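Trainee: Take a look at this one; I'll ask things after.
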Amino acid sequence: MTTRDEPAWARRGGPVTRAARQLPEGSLPSWAWIRPQALAAIRAGSRVLVQDYAATGGPPAYRPLGGAVDHGELAEDAAVREIREELGADITDVRLLAVLENIYSKDDKDWHEIVFMFEARFADSSLEAAERLVGVEGDGDRIEAVWLDMSEPLDAPLYPTGLLELLRARLAAVAAED
C-alpha cells in the first residue's frame with residue numbers, strides 16, 4: 001500500500017498511525033485493545049436501572065446496561081441501540097454525563113475501557129414500575145436488570161469505578177434545580 005492509497009486517517013501521521021503502519025501483518029497496536037463503551041443510566045427519580053450480575057450467576061455487582069460502540073457509530077447512538085437490543089425498549093432524553101476510564105481484570109485478562117456514560121429515561125414510562133426487567137445480551141446470555149435507589153447504600157459494587165459518586169452528584173444537582 002502506498003502512502004497515496006492509505007486512508008485519510010492514516011495519512012494524518014502522528015505517533016499512533018506511524019507505529020501502526022510498521023506492525024507485522026495481522027497484528028494490532030496496543031491501543032486497539034482499548035474498548036469504547038456506551039452505557040445508559042436509565043433514571044426514574046433517584047432510581048437507576050442496572051444489570052444485576054448475581055441474579056444470573058455472576059459475582060455480586062451492578063453495572064448500567066449498554067455495550068460496545070461499533071466502528072463508525074456515535075457513542076450516543078450505541079447507547080440507544082444497546083438498550084433496544086438488550087431490553088427491546090426505547091430510551092429518550094439521552095444526555096452525556098461523563099466519560100470514565102475503566103481498567104480492570106476479569107477471567108484472568110486485563111481490560112481497558114473508555115466509557116461514555118449517558119443518562120436517559122424510558123420512552124415507555126410504564127417500564128419504571130417493573131421491579132426487575134429481563135433481557136438478552138448480544139451473545140445470547142440472559143440479563144436481569146433491577147432498579148437501585150442511588151440515595152441508599154448499595155449491597156454490591158457499582159461499576160465502572162467512579163459511577164456511584166457521579167450519579168449521586170447528578171441526583172443532588174437535579175434535586176437542587178427542583
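Read-outs: derived from the displayed coordinates by stated rules, not from any lab. Quick caveat: nothing in here was measured; it's all calculated off a predicted structure.
Trainee: Step through the residues of the range 104-119 one at a time and calculate ³J(HN,Hα) from phi using the Karplus curve (6.51 cos²θ - 1.76 cosθ + 1.60, θ = phi - 60°), rounding each to whole Hz and writing x for Gly and Pro.
Mentor: 7, 10, 8, 6, 6, 10, 8, 10, 9, 10, 10, 9, 8, 9, 10, 10
Trainee: Translational diffusion coefficient, Stokes-Einstein: compute it for the range 33-177 using the Kirkwood radius over C-alpha pairs as Rh, at 10 °C and 1.306 mPa s, and state it as an integer in µm² s⁻¹.
Mentor: The estimated diffusion coefficient comes to 103 µm²/s.
Trainee: For the range 84-93, just list the computed ³J(HN,Hα) in residue order, Karplus coefficients 6.51, -1.76 and 1.60, θ = phi - 60°, integers in Hz, with x standing in for Gly and Pro.
Mentor: Whole-Hz 3J(HN,Hα) from phi for the range 84-93: 5, 5, 7, 10, x, 10, 9, 10, 9, 6.
Trainee: Name the residues whose placed amide hydrogens come within less than 5 Å of the amide hydrogen of Ile143, ignoring near sequence neighbours (fewer than 5 apart) on the same chain.
Mentor: The answer is Gly135, Val136, Glu137.
Trainee: Run the numbers for Trp111 and Asp124: contour at 0.36 nm per residue of separation, minus the present Cα-Cα distance, in nm. Spell out each step's value before the answer.
Mentor: Details: separation 13, 0.36 × 13 = 4.68 nm, distance 3.43 nm.
Length gained between Trp111 and Asp124: 1.2 nm.
Trainee: Quick one: grab the alpha carbon gyration tensor of the range 106-178, order the square roots of its eigenvalues as a ≥ b ≥ c, and give me rounded if a/c is under 1.5, else prolate or oblate depending on whether a/b is larger than b/c.
Mentor: oblate
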